[in-house]
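Structure first, then comments.
A short reminder: the numbers here are calculations on the coordinates, not readings from a lab. Values in this document were obtained by computation on a predicted structure and should not be read as measured data. For neighbour counting, all protein chains shown are included, and Cβ atoms are generated from backbone atoms with ideal geometry for every residue, glycine included.
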Amino acid sequence: MGMRIIGGKYRGRRIHPPKEMLARPTTDFAKEGLFNMLHHSVPLEGIRVLDLFSGTGNLAVEFLSRGAEQVVSVERDRVLFGYMQQLARQLGESNWHMVKADVFAFLATHRATYDIVFADPPFEMEGIERIPTLVLEGGLLEKDGLLIVEHSERTSLKLLPGFVKNRSYGTINFSFFQHTAPA
């Protein structure tokens, strides 16, 4: 199944992930909803993005397509990691960096700050609710940065510190977190 890049300089380009891929890519519908919302609320040009559980790199390419200065994608699956490297070469994209690692291990040791941290963990994964705390307490988010966690409707992150809002697009939910969520 191909995915389409929906905005920016790579707009209209199709991505064809490997057949044996087990990841569940964010649907075009959800991705379009998310980027429409981001487009109206935060600058997307010149930002640094951390893309956790990157999968096919679908979201990383959307951010790069819209002018992100740097995207760091973290993915532990060998096939998906190789696919992203190949895709970056095809696009001639030098601002896309990949780390082959377990996300939780990466979050425990990584020291850098980002304007947007995007996490798309497997929907059935244990520990999704640990991600906001690890990102916020780990100092990975700029002070006015935004953490976005993609999850199913079966997971609720509303009660976690820093929670700002939730948006759903079909079966896909995005929960948004910031450092000091307004009380």
Notebook entry, point to check: Tell me, what ³J(HN,Hα) does each residue in segment 118-126 have, in order and in whole Hz, if you take phi through Karplus 6.51 cos²θ - 1.76 cosθ + 1.60 with θ = phi - 60° and put x for Gly and Pro?
Noted result: 10, 10, 10, x, x, 4, 8, 5, 6
Next item on the list: Please give the length that would be gained between Q90 and A105 if that part of the chain were fully extended, namely 0.36 nm times their separation in residues minus their C-alpha to C-alpha distance (nm, one decimal).
Entry: 2.5 nm
Notebook entry, point to check: Taking only the alpha carbons of segment 113-183, what extent do you get along each of the three principal axes, in Å, biggest first?
Noted result: 30, 23, 19
Next item on the list: Would you please put 90-103, 45-58, 64-77 in order of how densely packed they are, using the mean number of other Cβ atoms within 10 angstrom per residue and starting with the highest?
Entry: 45-58, 64-77, 90-103
Margin query: Would the chain count as rounded, prolate or oblate if I go by the C-alpha gyration tensor, calling it rounded below 1.5 in a/c and otherwise prolate when a/b exceeds b/c, oblate otherwise?
Written below: rounded
Margin query: 5 Å is the cut-off here: which amide hydrogens, built 1.01 Å from N in the peptide plane, fall below it relative to H97, excluding neighbours closer than 5 in sequence?
Written below: V71, V72, S73
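With each run of n ≥ 4 DSSP H residues scored as -39500 (n - 2.57), what mean residue ellipticity at 222 nm is computed for the chain after dividing by its residue count and rounding to the nearest 500 deg cm²/dmol? Working shown, then result.
Details: 5 runs with 50 residues, N = 183.
For the chain, the value works out to -8000 deg cm²/dmol.
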Next item on the list: Determine the gain in length on full extension of the stretch N36-S156; use 0.36 nm per residue of separation and subtract their C-alpha separation, reporting nm with one decimal.
Entry: 40.9 nm
Check: Considering amide H positions built from the backbone, and no H for Pro or chain starts, which residues 5 or more places from G7, or on another chain, come under 5 Å of its amide H?
Finding: G12
Checklist line | Spin-label model distance (nm) - R130 vs R11, 7 Å beyond Cα toward Cβ | finding: 4.1
Next item on the list: Determine the percent antiparallel among the DSSP beta bridges restricted to segment 45-177, to the nearest 5.
Entry: 40
Item checked: 5 angstrom amide H check on V164, placed H, neighbours 5+ away -> F176, F177, Q178
